[in-house]
Amino acid sequence: MEADELEMANLNKAIYEDNWFEAKAFIDRHPKLLDVDFGASRGETPLHTAAKFGHVAIVEELMKLVEPEYLEIWDYYGYTPLATTATHTESIPIAKCMIKKNSNALAIPAPWPWLIPVSLAFLSGHNKLGRYLYSVTPLEVFKPENGSFVGPEFLRTCLRNGEYGIALQLLQQCTELLFAQDADENSTIANIALSLPHSLHKSQLPFLKRWAYHWTGLRHWLLSSVYNLSGMKEIYKMKLQHAQAAEILNLLCPNILMLLNVEKRNMIRIALNCAAQQDNAEFVLRVTKANPELIALVTSVCLNYPVFVITAVEYRKAAVFSLFLCRHFQIMAAATPAKMRAARETGNNLLHLAASLAPDSYLNSISGAALQMQRELQWFKAVESVVDAGYRLHQNKEGLIPIEYFKKNHKGLRAEGEKWMKDTASSCSVVGTLIVTIMFTAALTVPGGNNQDSGYPMFIKEKLFKVFLISDALSLFSSTTSVLVFLGILTSRYAEEDFLCSLPTKLITGLSTLFLSIATMMISFSATIMIMLQYNSLRLWVTLPITMLAGVPVTLFILLQFPLLVKVFSSTYGPSIFKKKVEEWS
């Protein structure tokens, strides 16, 4: 036994070193090393070793010496040689060589019953090899017959890896996979809802990328020449993926026109719920438009609203909730036979759900507790605008109406928002106070002093002096305004409703005037230096560096505080997160 292990170790060492001459010498001396039974008993064959390290030449030589059954041997971990190739390398020549010897290896799973080599290739990130293996794997292997998970698991892998073209092709050839379940009992339609690139819609792209996205569609015949340009490759791939995802939805829609099977109805319910959790509005829109009766079929027994609306409210998914805000879904919701009832267990209606605290994953995406509180209020107000007026006063089992329930759940966030606002106001007011002091002093002690006879400033007729006066006055007035505004923030009552507009508006005003005061203070300082050195021979060498340095504080403010100003302004006065008119994706 020890001799056999030593022989195998020496052979594997030669293969590892890509030394076929020495490996062949071992095999000639010990032919049993390539026997099927011997390889199976050892747990790892020389072919496994050669495949693991991607030695194409040795694999080709071994293929000449072994029987086809040799490709069906599992190693210690349950992998066949082809599965080892799919997992460890991306060598298409090795795969071709093995499949030519025994094509049955394409359907042998490892190490779980649903992981065939093509799935292992995609899971390992070897997409090129995966595409080749898919092209040679028989269609029958993927069919969900006798509860097989191979097809559904392969589709889930393709969807998660962005291989929408392969997923589309397989679904076109085997539509029964749409309602098949994977090993986790998730249906393919649920995996589609979770995985389709809803975030790649062009309206969510930056302006230049959105233009390029549209341009690639208008100039398809030029794609071959611009494919490798910077950024264009990414845009083209994005557009192709979105087109393939749309085709998958187009394939799904005709198959949900008649859903008489209760099991399939539940699958649709779960899929819509998954789509809502991912904010996949496109999936929800396509599916519900294909079969409007689904709205009634997937309506919550307790809340009498579609499950995706309830999920969107609970998880703060703006795109899906926007569908409900548009007239199309309002009519559908109004057409349901019963009136909205409170949930049986808690007594909460849809507005109570909006009054609950959002998940941490959602809140953490928003900067600052005050803006988080503002966004929560915006959600509550949006839901409040669509529910019946009577339910705004409906009490849950705790005896709380929605607004009271909101205040209870957001008590901690309101306190954090108050602290954040006060800390920001305190820090900025200190800066503003310093600027007020400096600029008031500068106004009294003008550059060059005053004329002893007339009392007027010495340089009153100079243009630079006028620049100094105007910038000094602007800096003084704007800094004073900012201090007063920040004082107003410090003395505010900090009620929940104040975070919606009042406090953000004060913060916008304070930061804007503070920025103006800093900028004009630097202009005033630069003008003073120029006035003092205007007749000096070193004027250019001194004033230019000083003027450039004067821009440093302004630049730092822009880099450190201006993004906050933009976020607050956009959140308060920018486009609403809820679209009143939902674009119907095609």
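Sorting 237-245, 74-82, 392-400, 275-283 by average packing, meaning the other beta carbons within 10 Å per residue, from highest down gives 275-283, 74-82, 237-245, 392-400.
Once both labels are positioned 7 Å from their Cα atoms along Cα-to-Cβ, the gap between Glu234 and Glu67 label points is 5.5 nm. With a threshold of 23 Å on the Cα-Cα distance, the over-threshold entries among Lys64/Lys96; Lys100/Lys128; Lys289/Lys381; Lys52/Lys128 are Lys289/Lys381. Report, in whole Å, the centroid distance computed from the Cα atoms of segment 58-102 and segment 146-178. For segment 58-102 versus segment 146-178, the Cα centre distance is 25 Å. Taking θ as phi - 60° and the Karplus parameters 6.51, -1.76 and 1.60, the scalar couplings of segment 170-185 work out to 5, 5, 5, 7, 9, 5, 5, 5, 4, 9, 7, 10, 8, 5, 9, 6 Hz in sequence order, x denoting glycine and proline.
In the neighborhood of Asn409, defined by Cβ-to-Cβ distances under 13 Å, what is the net charge if each Lys or Arg adds +1 and each Asp or Glu adds -1? Its environment carries a net charge of -1.
Taken one residue at a time, the phi angles of segment 144-155 give Karplus couplings (6.51, -1.76, 1.60, θ = phi - 60°) of x, 8, 6, x, 5, 9, 4, x, x, 5, 5, 5 Hz. Gly and Pro are set to x. Between Gln169 and Leu559, the FRET efficiency estimated from the beta carbon spacing at R0 = 56 angstrom works out to 0.70. Per-residue Karplus couplings for segment 562-575, computed as 6.51 cos²θ - 1.76 cosθ + 1.60 with θ equal to phi - 60°, are listed in order as 5, x, 5, 4, 5, 5, 5, 5, 5, 5, 8, 10, x, x Hz, Gly and Pro entered as x. Pairs over the 31 Å Cα-Cα cut-off, from the set Lys13/Lys101; Lys101/Lys237; Lys317/Lys419: Lys101/Lys237.
We did not get these values from a lab; they are worked out from the coordinates using the rules stated. This one's a predicted model, so the numbers in the text were calculated from it and none came from an experiment. A quick note on method: Cβ atoms are made from the backbone with ideal geometry, for glycine too, and the neighbour counts reach across all protein chains shown.
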